[in-house]
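Below is one structure, written out as structure tokens; the observations come after it.
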Amino acid sequence: IEQFKEIKYFESLDGLRALAVLMVISWHYGGADAHGLTGWLGVHVFFVLSGFLITTLLLRENDSHGSISLRNFYVRRIFRIMPVYYVVFALVIWKTHAIGGDDWISLKRAIPFYATFFNESPATGWAPWKLTWTMGIEWKFYMAWPLLTFVIARTASARILVVAALILAIAAAWSTRNLFYPYTYSVLVQGGVLGLIMNSRRGFTLFANLTRPAVSVVVMLAFIGIQTQISKVALTLGDINLQNLYGLAVVVLIPAILGNGLPQRILSSAPFVFIGRRSFSLYLVQELAWQAVQRWTPWVGVHGWAAMGATTVVGLGMAAVLFRKVGRPRIAFGRR
């Protein structure tokens, strides 16, 4: 556990982010041929990672200083997310207004919800940029989770009670398809619980064997196997149960790629880390990138491998500019 706590930057988790955003793009623009990749579950990789990382960082701050600063946490989150988000949002508004028609009418109705991080609201319908529904979910989790697990619950036993209460509340509303998507929050809580467990000496031993090089390879291969069979499993379990079981699979995968095995080395390689660090911007601009591809290279088709590849390349170029000019400077400012 000492080695785990000494890691300041989890490069392999950036690599996992890269895989997640590529999965999402494949689902949106890869067409029927790419749907076998079940890339729609990529957002749940992001959810588990978010829960795990913010919990781990808060626990380390608590261990170092004896408490956490909610103010500092929220300031860092604001400057990590909002500058890039609102820049892309402004571009989406400008582009959709220029096109006009039904897209602009539906986006006008959705603007107040997108502007206030209620992207998941049914009131937005299928307005352009609806793919950012995940931002509404994550932002509410960021607001509530630190308050519940570090301010209201100040000890390990109290945190267990809070997590148990959350799980019961989510279970009670499991099948409710309302404004807050309770079944999706359970995936975020899974990541948070993993962070709580791995940052205690006794809990870390539960996952320690997964970090062994040989075991990590087995875990990665098993995860790939699960990924290829998801469309069949979904018919039996249904989407809601599947999402949460998939989240548990990601929970097992994360410790495996934090070790020193082959999966960690692959996901920590320069290409994966490059995409992973820009994955947030790439996720936000993917729709704009696809529109640019359709305008300037219509021969690639509307959907399919060519459209997906072109969208990824164009989107990554846009994301790189956003990361360099907006994201990274504002993140540094938020930390200060």
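Here are the numbers:
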read-out: Estimated vicinal HN-Hα couplings, Hz - region 208-216 in sequence order (Karplus 6.51, -1.76, 1.60; Gly, Pro = x); value: 4, 5, 5, 7, 5, x, 5, 5, 4
read-out: Helical mean residue ellipticity (222 nm; -39500 (n - 2.57) per DSSP H run of 4+; nearest 500) of the chain; value: -25000 deg cm²/dmol
read-out: Among TRP290, TRP145, TRP104, residue whose mean-square fluctuation peaks in a GNM of the chain (springs only between Cα atoms under 10 Å); value: TRP104
read-out: Largest-first ellipsoid semi-axes for region 247-336, taking √(5λ) over the Cα gyration tensor eigenvalues, angstrom; value: 28, 21, 11
read-out: Region 1-151 - percent of accessible surface contributed by carbon and sulfur, probe 1.4 Å; value: 63 percent
read-out: Rounded if a/c under 1.5, otherwise prolate or oblate - region 72-187, Cα gyration tensor axes; value: oblate
read-out: Using alpha carbons only: equivalent-ellipsoid semi-axes of region 111-167, gyration tensor based, whole Å; value: 31, 10, 7
read-out: Calculated on alpha-carbon atoms, Rg and Dmax of the chain in Å; value: 19.8, 60
read-out: Total formal charge among the other residues, if their Cβ is under 11 angstrom from that of PHE73, Lys/Arg +1 and Asp/Glu -1; value: +3
read-out: Accessible area per residue in Å² at 1.4 Å probe, computed on region 59-181; value: 52 Å²
read-out: Spatially close lysines, pair count over the chain: Cα under 18 Å, gap of eight or more or interchain; value: 4
read-out: Cβ charges +1 (Lys, Arg) and -1 (Asp, Glu), total dipole of region 1-54, debye; value: 120 debye
read-out: SER69 long-range amide H proximity, modeled H, under 5 Å; value: none
read-out: Phi-based couplings in Hz for region 62-70 (Karplus 6.51, -1.76, 1.60; Gly and Pro marked x); value: 5, 5, 6, 10, x, 6, 10, 9, 4
read-out: Rounded percent of accessible protein surface that carbon and sulfur make up, region 202-336, 1.4 Å probe; value: 68 percent
read-out: Charge tally in the Cβ shell below 13 Å around HIS44, where Lys, Arg are +1 and Asp, Glu are -1, HIS44 excluded; value: -1
read-out: Whole-percent pair-distance distribution, where bins are 5 Å wide, for the alpha carbons of region 184-336; value: 2, 8, 12, 12, 15, 19, 16, 10, 4, 1, 0, 0
read-out: Percent breakdown of C-alpha pair distances by 10 Å bin, ordered from the shortest bin, for region 38-138; value: 13, 36, 30, 15, 5, 1
read-out: Span from the region 33-60 Cα centroid across to the region 77-100 one, whole angstrom; value: 23 Å
read-out: Projected-area average for region 1-89 over all orientations - Cα convex hull basis, square nanometres; value: 7.5 nm²
read-out: Where HIS28, HIS97 fall by accessible area, highest first, once all protein chains stay in place (1.4 Å); value: HIS97, HIS28
read-out: Under the Karplus curve 6.51 cos²θ - 1.76 cosθ + 1.60, θ = phi - 60°, whole-Hz ³J(HN,Hα) for region 306-319, x wherever Gly or Pro sits; value: 5, 5, 5, x, 5, 4, 5, 5, 5, x, 5, x, 5, 5
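The values are calculated or read from the model by the stated rules, or taken from the named source; none is laboratory data. Source: prediction; values computed, not measured. Quick reminder, even Gly has a Cβ in these numbers, built from the backbone with ideal geometry, and neighbours come from all protein chains shown. When the accessible area is computed, the model is the full protein with side chains, heavy atoms only, and any ligands, DNA or RNA have been set aside. Shrake-Rupley method; radii C 1.70, N 1.55, O 1.52, S 1.80 Å.
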